Structures are given as structure tokens and as C-alpha cells.
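S.K.: After the C-alpha cells below, expect a handful of questions from me.
Each value in this text was obtained by applying a stated rule to the coordinates, not by laboratory testing. Given the structure is predicted, the values throughout are model-derived calculations rather than measurements. Every residue, glycine among them, receives a Cβ derived from its backbone with ideal geometry; neighbour counts consider all protein chains shown.
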Amino acid sequence: MTEITVNGVRVLPGFLDEGEQRALVEDLRAVVAAAPLFHPVTARGKSMSVRLTSAGDYGWVSDRRGYRYEARHPQGMPWPPIPERALRVWHQVSGVGRAPQCCLVNFYSDTARMGMHQDRDEADFDMPVVSISLGDEALFRVGGVVRGGPTKSVWLRSGDVAILSGEARLAFHGIDRVKAGSSTLLPKRGRINLTMRVVD
């Protein structure tokens, strides 16, 4: 496994083998059963193309009141615990002593996208964001810490792990497109992205 860097974001290709990926998908089925996927809405009232849920002490939500973390799912139930397999990845690659408090679970269909954004709803930017890709490949674009600067892109494949930390912690990043059918991990295609964060 050769680590690559994209505008300061570390990418570990193939960090999880196929067996580990399949086991983690099963863990996520239990998360979704306890806290169903939902379509978040932006502050402007536009529905996002991804569906999401969360695990941990907090979940990330978005609605007319804006982006924020909440202790409960929009339907009122508490978020389930972060799967141990995901926590293991965090402890292997994060380089910090604190455990994540939120594991955001994004599901991308063939047509879903994620616009360029910063992860800045957390209290301590010295804490990294650790991302795990599962399923179909996605074109990951990374810029600098100022919107509109030059960007670089890399295809994230199933089992890859990315770490936003240090100077790249607040890098603008997004998903331009998903390569439908590029993985057999998920029976109905699509991509799952886990992002783990320390919130407060």
C-alpha cells in the first residue's frame, strides 16, 4: 500500500481488504436499521442528492436552520454506537488519542454528488477527519483552504481511507461523480462514505 497525497489530504489506497469491507457493510446495515437514512435539506430548502445517517454521540444534520450536530436523529431516536471496525480504522490512522464522537454515513446513488465544502462544524480543527470509502469508485476533488483555488482529483476506490489533518484539515473537498457499477461490494450498486470526527 503506497500512500498518496492530494493537496495535503492523505489517501491510503486499499487500506481495508474485501473481507473487512464486507464486514463493515454488515455493521452499517445495523446502523441504518436503528437510524434510517434521510435526505438532508440545505438552509435554502434544497434537498441534497446524498442520503445520510450517523452513529456515535452526535449526528450531523442539515435543514432550514443550517448545518449542525445533534444528539438525536431527526425522527427522534438516539444515534447507534459507532461500529468497532470503523473505530479500529480511526485508531490506526488518525494519530490522535481522542475517539471520534460522530461517524457520518453518506450513501451515494449513481447520480449523487457532493459540492466543494469545508468540514468546519467541529470545535477543534486539530482533530482530523477520517474517511472510509465503500462500494463504487468516486472522483474526489480537493482544493485549498480558500474557496476557488486550484484543485486536484483522485479516484477513491472501495477500501480506501482518506485523512484530512494538519494544514489540509480545512481543505475544500467534494465528490464530482460516482462510477456506477465499478464495485460489486453493494448488491444494488452505489457508494458509502464514512467520515469520523471529534465534535466538541
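S.K.: Label the chain by shape, choosing from rounded, prolate and oblate, from the square roots a ≥ b ≥ c of the eigenvalues of the Cα gyration tensor; if a/c is under 1.5 it is rounded, and otherwise prolate applies when a/b is larger than b/c, oblate when it is not.
M.R.: Working: a/c = 1.17, a/b = 1.06, b/c = 1.10.
Rounded.
S.K.: Please name which of Val6, Val50, Ala34 has its Cα lying farthest along the dipole of segment 1-58 towards the positive end, using unit charges on Cβ (Lys, Arg +1; Asp, Glu -1) and the Cα centre as origin.
M.R.: Of Val6, Val50, Ala34, it is Val50.
S.K.: Quick check: pseudo-label points 7 Å beyond the Cα along Cα→Cβ at Asp17 and Ser49, how many nm apart are they?
M.R.: 3.5 nm
S.K.: When the dipole is taken about the Cα centre of segment 66-200, and only Lys, Arg (+1) and Asp, Glu (-1) are charged at their Cβ, what size is it in debye, to the nearest 20? Provide the component values of the computation, followed by the final result.
M.R.: Details: 18 positive and 14 negative charges, 81 e Å.
Here the size comes out at about 380 debye.
S.K.: So, in nm, how far is label Glu70 from label Arg147 when the simple model puts each one 7 Å beyond its Cα toward the Cβ?
M.R.: It is 2.4 nm.
S.K.: Would you mind calculating the relative contact order of the chain from Cα pairs under 8 angstrom and at least 6 residues apart, reporting the percent as a whole number? Show your work: numbers first, answer last.
M.R.: Values: 496 pairs, mean separation 52.4, N = 200.
With pairs under 8 Å counted, the relative contact order is 26 percent.
S.K.: Given a Förster radius of 22 Å and the C-beta distance between Leu139 and Ala33 as r, what FRET efficiency does 1/(1 + (r/R0)^6) yield to the nearest 0.05? Before the final figure, lay out each step's value.
M.R.: Details: r = 30 Å, r/R0 = 1.38.
Calculated transfer efficiency: 0.15.
S.K.: Related question: How many angstrom separate the Cα center of segment 18-63 from the Cα center of segment 114-148?
M.R.: 16 Å
S.K.: Between Val96 and Ile4, what is the label-point separation in nm under the 7 Å Cα-to-beta-carbon projection?
M.R.: According to this spin-label approximation, the distance is 2.6 nm.
S.K.: Something else about it: Among 16-26, 187-197, how do they line up from the highest to the lowest mean number of other beta-carbon atoms within 10 Å?
M.R.: Numbers: 16-26: 14.8, 187-197: 19.5.
My ranking of the peptides, most packed first, is 187-197, 16-26.
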